[in-house]
Structure formats: structure tokens, C-alpha cells
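Asks: Sharing a structure below in C-alpha cells format, with a few things to ask.
The values are calculated or read from the model by the stated rules, or taken from the named source; none is laboratory data. No experiment lies behind these values; they were computed from the predicted model shown. So basically every Cβ, Gly included, is an ideal-geometry build from the backbone, and we count neighbours across all protein chains shown. Side chains are part of the model used for accessible areas, which takes the heavy atoms of the whole protein and leaves out ligands, DNA and RNA. Shrake-Rupley method; radii C 1.70, N 1.55, O 1.52, S 1.80 Å.
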Amino acid sequence: MTPDQLATAVSGLVADLMAEGVVALGDLPEVRMERPKSRDHGDYATNVALGLSKRSTLPPRELAGIIAGRLAQIPGIATAEVAGPGFVNVRLDSATQGELARTVVAAGDLWGHGTALSGRVVNVEFISANPTGPLHLGHTRWAAVGDAIARVIAAAGATVTTEFYVNDRGVQMDKFGASVMAAANGRPVPDDGYHGGYILDLAAQIVADDPTITSLPDDEQLIAFREAAYAVQLAQQKQVLDLFRTHFDVWYSERSLYESGAVERGLARLREQGHMFEQEGATWLRTTDFGDDKDRVLVKTDGEYTYFAADTAYYVDKRARGFDLAIYLLGADHHGYVNRLRAVAACAGDDMDENIEVLIGQMVKITRGGEEVKLSKRAGTIVTLDDLVEEVGVDAARYTLSRYPADSPLTLDLEEMTKATNDNPVFYVQYAHARIASVLRNAAELGIDWRSEEFDPALLDHERENNLLGMIGEFPRIVAGAAELREPHRVARYLEDLATAYHRFYDVCWVLPRGDEDLAGIHVARLWLCAAARQTIANGLDLLGVSAPDRM
RNA sequence: GCCCUCGUAGCUCAGUCGGAUAGAGCGACCGCCUCCUAAGCGGUAGGCCGUGGGUUCGAUUCCCGCCGAGGGCACCA
């Protein structure tokens, strides 16, 4: 029996109590079956009687008593008891609980996937860096978290597209081009240009590819360098993200917004919704109608579109492409954009609580041996995605960055991350997976085909088996919660707890027959349990884009 | 000045849509491998959950003030 099935049963009981007049009629409260912190409180507990007592003449404990009495009648429930101020603690039969292993094995790779977000068509945009340099550690965090968010909401049933907005237009591009050009010609890079060592490499590569480039007139040369450097840099970003297992469905060029007429279409949409106005020769969007603290300019007095105009067009375009929810993952340095982006959605005639969601990710602070490292392209102290992957590997990097909520500031010590890799939680979780894989491998070598042996779930009655089964049963709810809250770190934290439950089980419960012992029911039952645990860990790691190794 | 995020063990951080005794890893200390992976398990030490009020059966969680940290407030991109 899964926790959800249990909750459904309790909901049914509550509905009965309403029908009988024991509890006042009203909306059916959401019934939550929780895993109590202390195992003394049963396999599952609910506080539904506490919440319901306000609508009844009965005190909480008495109400809980009625609910407990009826729950105990349900097949599969061993005991249901009232505890504390009015909690109902439930214990399942070991057979009922053990049956979960079969459910998990049958579901396979789809175990944990659900329908909490089915029907939603979602665009998840993240990173969206300028193509003017390598991706740094901040981007790396959004790469890990954004990709995990996409995977998790897809697992919850949503149709998901991941997207990278390429800021390939504007003065930053020109500065970038000018910097590379200066470097190629042996001239000093302009003060407001890009100064990283990679500029020299880019210049050298571009000149090597086309030695005639430096003989072009300056104005043509600037464009040539800008475009060549753009192409190389974008390709490099794509390649490193590929290495990082973050694959975007769409790379959306800002320029293309202009070339395709999307900007005009976007503004037309806003105009027809009636939130645009002219003032002092400029065209504005009245974002203050929807909570922004000031109105924003779309078209400057000189007739040029603002960057904001492109932002609005981009949003309108996403909606036109069929997405009913646009999720943006922005760095904390852009949090001032939250209100205006939401206002854009409202100005376009959408529901800013339904169609747009702007998530803010806090910065990553880096220390090396306890001392803060200032990230600066200019000073050449940036830590790039490449660096990180090279030092700690994709699995450790992805896992470490996605096991914290995106909105909490993070401090990582490079020395800790590199030298303490064996203490990294990712290895703890992966190790559990490898250990199980090893047991299953050994079973196969002993000629045991557990799938075709009779599985008696009632044999899984050891405290640690029970605990492991309970943890496995939580997985679908963890996935759904992570998806709804856009918090994939919950999956990582869960996996760490699940791994602990497995290690504790493994420590005490021997799985395979020893020596010349015959194969018995308990061996088969434990192999099913191992298989279920392995599947759950593998599925969870996959949601984080981390591999589940069979050997370590 | 206004707005956002944050303040939990020595360090890095979970937990909080109000619930039963506040957790993990690292660091410190003590135990456990004739047998399925010891990258593991068990135990000890370590906390006025920043602070002062409020809401209620119950607050680390919700509301307000204060203190402290970081970030943002362009006809820039």
C-alpha cells in the first residue's frame, strides 16, 4: 500500500463522517499521511483529526479515536492508534508494506513519475549568458539546477522545453568584438572591454582560421571579429554544456527576435491590450498597473528599441509558441526584473500568477582554503564550468550544486570540493547504488533468478526492511513536491536519506544465501527489496542528471 | 531612502504550505570487517533555530519591529 492510497482511504473516512453529521460539512480537507520522525509513532501518521476538530463538537482526541477505529478495519492496516493531542498513528501489515517492492520493480524507470503537472506545457529558460566569454561557476549552478527543474517537472507529467536565450545583440557584443580585434592586432584592449586571457586565445584562433582578417578596414574588421568570436564562443558554451549533460532543446537568438518580426508582433500585442503610451517622444509600457515600481521604456526617443522591448517580445513569442507557463531562472543580480517581467505577462493579457514564474537563484561564493576568491573576468580569477568539471567531475559538480535550494546563497570551498570528493554526498548515494548492483550481480552468479521465484512480501518484517520500504514509498511524493515547488534539491536530500536506509538495512540484513545454505523465501524477498531500492536511487539520480554506477 | 533574499551545531547547509524529542555532512572523540563493496554501520560531544513582540491548543515555521549579511533600484546590456 502506498502512502497515497492510505491518504485516499482516510479522505473517504472523513467524507463518511461529514455525511453522518459528526463533522460539519465543508470542503474536504487535504489529508496528509506523514512519515513520523520517530518510528515509535508507527509507519504513517496523520493530524487530520486536529484540523477537523474545529468543525466538530467532539474534541480532537475523540475524533481521532473514531477515525482510528475505522481505519483499523481496513485490510492491510495492522493497527491505528490515537496519540498525543490527536494524531492517528498507523501501522501496516508487513505484507502490505512489502508489496511495494513489486510495485516499484514493475514500474521500473517510471517509478516515481506522476501526474501532478500533467497537461502543462512549460518552457524553462536558464543560464542565458552573453556569448562573450566562458560560462563561469554562477552559470554552472543554473545549469545544474535549471536542468534538474526541467527533469523533475517532466517527471511530474508536464511537457517541458528547455531554452537558452542568447544575448547576441547590443553594445556588449561590440565591446567583445573590439576586444578580440585589439588583441589580434597587438593593441591594448579598451578599458571597458573584455580582458580575460581567453580573449587572446580567441584572437589567435580566429587569425589562424583566416589570416587575412587583420588586413580588413577597421569597421569591417570589427564586425568580422565580432561574428567570428561569437561563433567560436557560442560553440564552446554549447560544447561544455553538452559535457555537463545539460542539453537545451532551443537556443534562442536575441537577433532572431528582430529578424523574424517578433519584436513588432510583441509590441502589437501589448498595444492591443492597451497598456502602452507615448510620453516625451518615447514609447512606454505601463508596468506599474501590475506591481512594477516604475513604467518602462520600450522605444527610446531615438527610435531604438530597448532591451526591455526584446524581453517583452520574447515572452509574447514564448506564449505564441504554445507554452502556457514560462519559467525564468535568473541570478540574484537580476532580481529587480521579477516584477517587471511579471508585469509584462499581465500587460500582454496573461495571468501573471499562472503563465509566468521567475525564480531567483542566489550567487555562489567561492573560497579556496577558507579565503574568498573574487570572481572577476578582468582579474582572470573566474572559475569556469570547464575548470569545475575538470577538477571534480560532472557527477560531483552537478550533485553538489543541485543539493541546495537555488534561492539560498552558497559558499563552496574549492579545496574541500576537490580533495574531499570521497566525503561528497554524491558518492554516498552512488555507493549505495553500486552496492546493490553488486548484490544483484552476485545473486545472478549464484544462479538465482529472483524475478521468477515466489515473492512473499510478508517476510520483510525486520525493522530496517520496514524502514527502507517506507523510504522507498516516499519517492513519488518527493518528486511531485520537488516539481510543484521547483525545488529539485529535495530529491537529492531524499536520496541521501534513502541511501542511509539502505546502508542500515544492508548492515544488518544479509541478503544472499551463505555458504551451502539453500535459497529461502527471505533471500528472494530481500532481493526484491534490493531491486526496488536500486530502481529508486537510479531514478532519483537521473532526475538530477547524475549517473548511477554499478561499480565503484 | 525603497525593494528582494538570507540569519538553525565550530564550518557548510537541510528542515518550516503551523504539529509529537530541531537534523545531515565535514571537523573532534570512542567502537564494528574469518561471510553479499568499510566510499559502510553504531555511539559520544556540540543548539535561547539572530533579537523583541503578536496571532493560537501549539511557532524554528505565519505577521510586525529591531540588529546583522548579501543583492537590486537606468530612454545600460
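Asks: Given the criterion touching an Asp or Glu at 6+ places or on another chain (Cβ under 9 Å), part of a helix (DSSP H, G or I), touching a residue at least 24 places away in the same chain (Cβ under 8 Å) and crowded, with 18+ Cβ neighbours inside 10 Å, identify the matching residue among A:Ala531, A:Ala525, A:Ala548, A:Ala501. Before the answer, list the steps.
Replies: Numbers: A:Ala531 fails: touching an Asp or Glu at 6+ places or on another chain (Cβ under 9 Å); A:Ala548 fails: part of a helix (DSSP H, G or I); A:Ala501 fails: touching an Asp or Glu at 6+ places or on another chain (Cβ under 9 Å).
The match here is A:Ala525.
Asks: Here's something else I'd like to know. Would you mind finding the one in A:Asn130, A:Asn123 that is modelled with pLDDT of 95 or more, farther than 18 Å from A:Gly545 by Cα, outside any helix (DSSP H, G or I) and in contact with a helix residue (DSSP H, G or I) (Cβ under 7 Å, 6 or more places away or on another chain)?
Replies: A:Asn123
Asks: Exactly one condition in (1) touching a residue at least 60 places away in the same chain (Cβ under 8 Å); (2) surrounded by fewer than 22 Cβ atoms within 10 Å (Cβ to Cβ) is false for A:Asp518; which is it?
Replies: (1)
Asks: Looking at segment A:476-493, which of its residues are more than 9 Å from RNA strand B (Cβ to nearest atom), open to solvent by less than 30 Å² (accessible area, probe 1.4 Å) and of a type outside the set (A, V, I, L, M, F, W, C)?
Replies: Once the filter is applied, which keeps residues that are more than 9 Å from RNA strand B (Cβ to nearest atom), open to solvent by less than 30 Å² (accessible area, probe 1.4 Å) and of a type outside the set (A, V, I, L, M, F, W, C), segment A:476-493 yields only A:Pro488.
Asks: Residues of segment A:205-227 being among the small types (Gly, Ala, Ser) and surrounded by 13 or more Cβ atoms within 10 Å (Cβ to Cβ), which ones?
Replies: A:Ala224
Asks: Among the residues of segment A:71-130, write down those that are in contact with a strand residue (DSSP E or B) (Cβ under 6 Å, 6 or more places away or on another chain) and among the hydroxyl-bearing types (Ser, Thr, Tyr).
Replies: The answer is A:Thr79, A:Ser128.
Asks: Quick one: how many residues across segment A:3-31 are closer than 17 Å to A:Ala80 by Cβ, in contact (Cβ under 8 Å) with a residue 40 or more places away in the chain and under 36 Å from the mean Cα position of the chain (by Cα)?
Replies: 6
Asks: Cβ-Cβ under 8 Å, sequence separation 6+ or interchain: first residue in segment A:32-50 and outside the structural domain of A:Arg477 (by TED's automatic domain parsing), partner within 9 Å of RNA strand B (Cβ to nearest atom) and assigned to a helix (DSSP H, G or I). Which pairs?
Replies: What qualifies is A:Ala49/A:Pro60; A:Leu50/A:Pro60.
Asks: Since A:Thr103 meets every condition but one in (1) within 26 Å of the chain's Cα centre (by Cα); (2) surrounded by 21 or more Cβ atoms within 10 Å (Cβ to Cβ), which condition does it not meet?
Replies: (2)
Asks: Find the residue count for segment A:61-80, including only residues that are open to solvent by 40 Å² or more (accessible area, probe 1.4 Å) and either closer than 19 Å to A:Leu469 by Cβ or within 12 Å of RNA strand B (Cβ to nearest atom) (or both). Write out each step before concluding.
Replies: First, pick out the residues of segment A:61-80 that are open to solvent by 40 Å² or more (accessible area, probe 1.4 Å): A:61-62, A:66, A:70, A:72-75, A:78-79.
Now drop any that are not either closer than 19 Å to A:Leu469 by Cβ or within 12 Å of RNA strand B (Cβ to nearest atom) (or both), which leaves A:61, A:74-75, A:78-79.
Summing the residues that are open to solvent by 40 Å² or more (accessible area, probe 1.4 Å) and either closer than 19 Å to A:Leu469 by Cβ or within 12 Å of RNA strand B (Cβ to nearest atom) (or both) in segment A:61-80 gives 5.
Asks: Another one. Which of the residues spanning segment A:258-305 are in a helix (DSSP H, G or I) and open to solvent by 90 Å² or more (accessible area, probe 1.4 Å)?
Replies: A:Glu259, A:Glu264, A:Arg265, A:Arg271, A:Glu272
Asks: Out of the residues in segment A:37-46 that are surrounded by fewer than 18 Cβ atoms within 10 Å (Cβ to Cβ) and in a loop (DSSP other than H, G, I, E, B), state the one that is nearest to RNA strand B (Cβ to nearest atom).
Replies: A:Ser38
Asks: Next question, about the same structure. Within segment A:425-467, which residues are under 19 Å from A:Thr500 (Cβ atoms), open to solvent by less than 20 Å² (accessible area, probe 1.4 Å) and either polar (S, T, N, Q) or not in a helix (DSSP H, G or I) (or both)?
Replies: Selection gives A:Gln430, A:Leu460.
Asks: Look through A:Ala143, A:Ala156 and report the one residue that is touching a Ser or Thr at 6+ places or on another chain (Cβ under 6 Å), open to solvent by less than 20 Å² (accessible area, probe 1.4 Å) and in contact (Cβ under 8 Å) with a residue 12 or more places away in the chain.
Replies: So the residue among A:Ala143, A:Ala156 that is touching a Ser or Thr at 6+ places or on another chain (Cβ under 6 Å), open to solvent by less than 20 Å² (accessible area, probe 1.4 Å) and in contact (Cβ under 8 Å) with a residue 12 or more places away in the chain is A:Ala143.
Asks: Looking only at segment A:306-335, count every residue that is open to solvent by 40 Å² or more (accessible area, probe 1.4 Å) and within 12 Å of RNA strand B (Cβ to nearest atom) and tell me the total.
Replies: Residues that pass the stated criteria total 4.
Asks: Mind checking which residues of segment A:421-454 are aromatic (Phe, Trp, Tyr) and more than 7 Å from RNA strand B (Cβ to nearest atom)? Show your work before the answer.
Replies: If we filter segment A:421-454 for residues that are aromatic (Phe, Trp, Tyr), which is where we start, we get A:427-428, A:431, A:450.
Across segment A:421-454, the qualifying residue is only A:Trp450.
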